[in-house]
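Participant: Please read through the structure below; I'll follow up with questions.
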Amino acid sequence: MMTSVLIASAWAADLPSVDKSIDTGVRSVRDAIVVLGVEDYHHLNDVPYALADASAAASWLFETWGPSKSRSRVEMDPSNREMQAAIDRAMARVRKDGTLWITFSGQGRVVDGVPRLLGVDTTLDDPMAGISLLDLQEAAARSRAKKVFILIDASFDESARSELAPTPPQVIDWGDDPNDKVVLWVGDERGGARGFEPSGHGLFTYLALGALQGWGDLDGDGLVHLNEAQLWVRQASRSLGRPQRANLSTEFPDWVVSGKRVRADGPRTEELVAWGKEDVVRRMELAERYAQDQAEDALLTLLAAIEAGRMETDSLERFVDQWSQHQVSVEWVPPISVVEEAKLLLADKENLLRQQDAKTPQVAKVEGPPTTSFFLSDNTCKDIVGMEPDALMGRFSPGRIACIETRMTKAPQTEQDKLSRLLIANAEASGDKAQWALLVERHLLDITQSDPDLCFLFALHLYKAGVEEGEQAIVWANRALENKQNWKGELYKARVNSLYRLRTEAAAELWQDAEQNLVADPSAKADALTTQWRGVTLDYAREWLDYTKAAGAPSDRALSLCVSAAGSMSACKAD
């Protein structure tokens, strides 16, 4: 191990630091930030350098963007509840047209394809602990922020940044922002994360913060745009021989994430390549030492078992066979020089195609009949059952839609119900969300409100539309609950829990909105509205909390909102 330490110390001094950012002088009073670093887990493996990551991220945010201290939270080794409280607070305090910044370094977990961020108190036997990253994005998208930036350096494969006990890549649902304002930047979309010991940081954090501080200025204009930063991180990780499959966000590619003009020269490609070669030597020595320790522990355990008479001496032969063939490996992708030549050829595609055309004999093309993969229906609407396939594929022609609308004006209610559902299904299948919402609202107001599924979907649509539709979201959630007996088994549990949560979250957002309006307009009317929505939030949170306990569902979020509205834990305890 001494050789490895000497190698690391010899070249770590040459690494540019990301721990202290340049003060840009920018002051973003509308922004809110949350920085979370979890390193010393109580029940899980510790995550090296996570606290250093959080400290460096906080430095970059404060020095680059200058957010208000009252709208900023930096949490070191927070619990799951403390993480949620910090995020809720930031979402409530970010101002209109401001930016919500969230960073997390620590452990993650994937449950049914959904990534979750884990607090310091997470246990092995509670799979639903932590914060769902999908829920976080949805909530952030509904906040007052104009933009949301989420930076995640977490290992979702239980490796805690170690490559000594590798796990296979995972298929993870990173979510989709319906409001087009959330930038999620994850170190590796396969769920892995690695430390970079010479830098004293996670590999992704070191490269990402370096890019944001100026290293990612690819065009040399003194500004770092989001797409430049993300591209630089990919290129730099490849040069190090440790390629990160960081996701590239399509939102705000031209966003200047450096705050203003900066000048921070990053490492050159040849320097990164050299560091990668030195780093792989150090990591191989660590892997060898790890294998030695494993073998020693296994031998001691085996000898104790033989002495106690629990195993035969021929077990030693199997031990020798196993460990004499043991292999160690580390991740390293050496830079291949001819790959750069191939990239240059790809960059000049026109010249490459001209060379191919000159060598390829021309063959006369035989024109075939035109083809299409999509056909609109005819304009008739007589056969309700026969129209279902076209509706489910979004193929209704304008003539058929007009025919159905005319027929509905003369049809009895049961027939109106069927025809209206065909139009709803067609709008959904064709991807016309606005038309779908109009058709569903008409169905519920003019035909029937007895279908809890339709009420549920409409309530969810309104909730996602933001706080302006919060009251209507609650109305239709309550309509769905009135007919909840139509659901059975697990579907009943899932739907009812979702509706209780939707009502509570919507009420809490209306309460937060009223509080912000009260600050701007301290009138009696505004104060009464704040009190009203706080009371509604408390009532809904208590109902949701009671249901989670009865159904055996996770109750952390319900309890958090209840305590927030009540002002004390005692008001939310079970009777």
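The values are calculated or read from the model by the stated rules, or taken from the named source; none is laboratory data. Predicted model only: the values in this text are computed from it and were never measured. So basically every Cβ, Gly included, is an ideal-geometry build from the backbone, and we count neighbours across all protein chains shown.
Participant: When you look at Arg400, is it within 19 Å of Val440 (Cα to Cα), surrounded by 15 or more Cβ atoms within 10 Å (Cβ to Cβ) and at pLDDT 90 or above, yes or no?
Facilitator: So Arg400 fits the description; yes.
Participant: Which of (1) surrounded by 19 or more Cβ atoms within 10 Å (Cβ to Cβ); (2) under 25 Å from Leu136 (Cβ atoms); (3) touching a Phe, Trp or Tyr at 6+ places or on another chain (Cβ under 8 Å) is the odd one out, the single condition Arg557 does not satisfy?
Facilitator: It is condition (3) that Arg557 fails.
Participant: State all residues of the range 112-129 that are surrounded by fewer than 23 Cβ atoms within 10 Å (Cβ to Cβ) and under 13 Å from the mean Cα position of the chain (by Cα); if no residue qualifies, say none.
Facilitator: Gly113, Val114
Participant: Could you please find all residues in the range 62-108 being part of a helix (DSSP H, G or I) and more than 20 Å from the chain's Cα centre (by Cα)?
Facilitator: Correct list: Phe62, Glu63, Thr64, Trp65, Lys69, Ser70, Arg71, Arg93.
Participant: Would you say Tyr49 is surrounded by fewer than 23 Cβ atoms within 10 Å (Cβ to Cβ), touching a residue at least 40 places away in the same chain (Cβ under 8 Å), farther than 26 Å from Thr548 by Cα and of a type in the set (Phe, Trp, Tyr)?
Facilitator: Considered against the rule, which asks whether it is surrounded by fewer than 23 Cβ atoms within 10 Å (Cβ to Cβ), touching a residue at least 40 places away in the same chain (Cβ under 8 Å), farther than 26 Å from Thr548 by Cα and of a type in the set (Phe, Trp, Tyr), Tyr49 comes out as no.
Participant: For Trp487, state whether it is aromatic (Phe, Trp, Tyr) and either out of contact with any Leu (no Cβ under 8 Å at 6 or more places or on another chain) or at pLDDT below 90 (or both).
Facilitator: The answer is yes for Trp487.
Participant: Please name all residue pairs, on different chains or six or more residues apart, with Cβ atoms under 6 Å, provided the first residue is in the range 548-575 and is under 19 Å from Glu505 (Cβ atoms) and in the same structural domain as Thr530 (by TED's automatic domain parsing) and the second residue is among the aliphatic types (A, V, I, L, M) and not in a helix (DSSP H, G or I).
Facilitator: Pro554/Met128; Val563/Met569
Participant: Report, by residue number, each residue of the range 445-474 that is β-branched (Val, Ile, Thr) and closer than 24 Å to Met91 by Cα.
Facilitator: Of everything in the range 445-474, those that are β-branched (Val, Ile, Thr) and closer than 24 Å to Met91 by Cα turn out to be Val467, Ile474.
Participant: While we're looking at this one, here's another question. What number of residues within the range 86-132 are over 21 Å from Leu51 (Cβ atoms) and of a type in the set (A, V, I, L, M, F, W, C)?
Facilitator: Residues in the range 86-132 being over 21 Å from Leu51 (Cβ atoms) and of a type in the set (A, V, I, L, M, F, W, C): 9 in total.
Participant: Can you tell me which residue in the range 19-56 is modelled with the highest pLDDT, limited to those that are within 27 Å of Arg268 (Cα to Cα) and over 24 Å from the mean Cα position of the chain (by Cα)?
Facilitator: The residue in question is Asp19.
Participant: Have a look at Lys488, Lys464, Lys433, Lys484 and point out the one that is touching a residue at least 60 places away in the same chain (Cβ under 8 Å) and basic (Lys, Arg).
Facilitator: Lys464
Participant: Please give the number of the condition Leu423 fails out of (1) on the phi < 0 side of the Ramachandran plot; (2) at pLDDT below 90.
Facilitator: With (1) on the phi < 0 side of the Ramachandran plot; (2) at pLDDT below 90 applied to Leu423, the lone miss is (2).
Participant: Spot the failing condition for Asn227; the list is (1) assigned to a helix (DSSP H, G or I); (2) modelled with pLDDT of 85 or more, and only one is missed.
Facilitator: Only one criterion is unmet by Asn227, namely (2).
Participant: With the requirement that a residue be in a helix (DSSP H, G or I) and either among the polar types (S, T, N, Q) or more than 19 Å from Val440 (Cβ to Cβ) (or both), what does the range 408-420 give you?
Facilitator: Gln413, Thr414, Gln416, Ser420
Participant: Would you confirm, using the coordinates I've provided, whether Thr530 is in the same structural domain as Val563 (by TED's automatic domain parsing), over 30 Å from the mean Cα position of the chain (by Cα) and of a type in the set (Ser, Thr, Tyr)?
Facilitator: Considered against the rule, which asks whether it is in the same structural domain as Val563 (by TED's automatic domain parsing), over 30 Å from the mean Cα position of the chain (by Cα) and of a type in the set (Ser, Thr, Tyr), Thr530 comes out as yes.
Participant: Scan the range 288-314 and report the pairs whose first residue is within 16 Å of Ser329 (Cβ to Cβ) and whose second residue is modelled with pLDDT under 75 and β-branched (Val, Ile, Thr), with Cβ atoms within less than 7 Å and a gap of 6+ or a chain change.
Facilitator: Glu288/Val328; Ala291/Val328
Participant: With Leu491, Leu545 as the choices, which residue is buried (at least 20 other Cβ atoms within 10 Å of the Cβ), of a type outside the set (Lys, Arg) and either under 25 Å from the mean Cα position of the chain (by Cα) or farther than 20 Å from Met91 by Cβ (or both)?
Facilitator: So the residue among Leu491, Leu545 that is buried (at least 20 other Cβ atoms within 10 Å of the Cβ), of a type outside the set (Lys, Arg) and either under 25 Å from the mean Cα position of the chain (by Cα) or farther than 20 Å from Met91 by Cβ (or both) is Leu545.
Participant: Please count how many residues of the range 189-226 are more than 18 Å from the chain's Cα centre (by Cα) and at negative phi.
Facilitator: Qualifying residue count for the region: 25.
Participant: Restricting attention to the range 403-445, and to residues there that are of a type in the set (D, E, K, R), under 39 Å from the mean Cα position of the chain (by Cα) and over 18 Å from Pro389 (Cα atoms), which single residue is surrounded by the fewest Cβ atoms within 10 Å (Cβ to Cβ)?
Facilitator: Step by step, filter the range 403-445, then rank; the result is Lys433.
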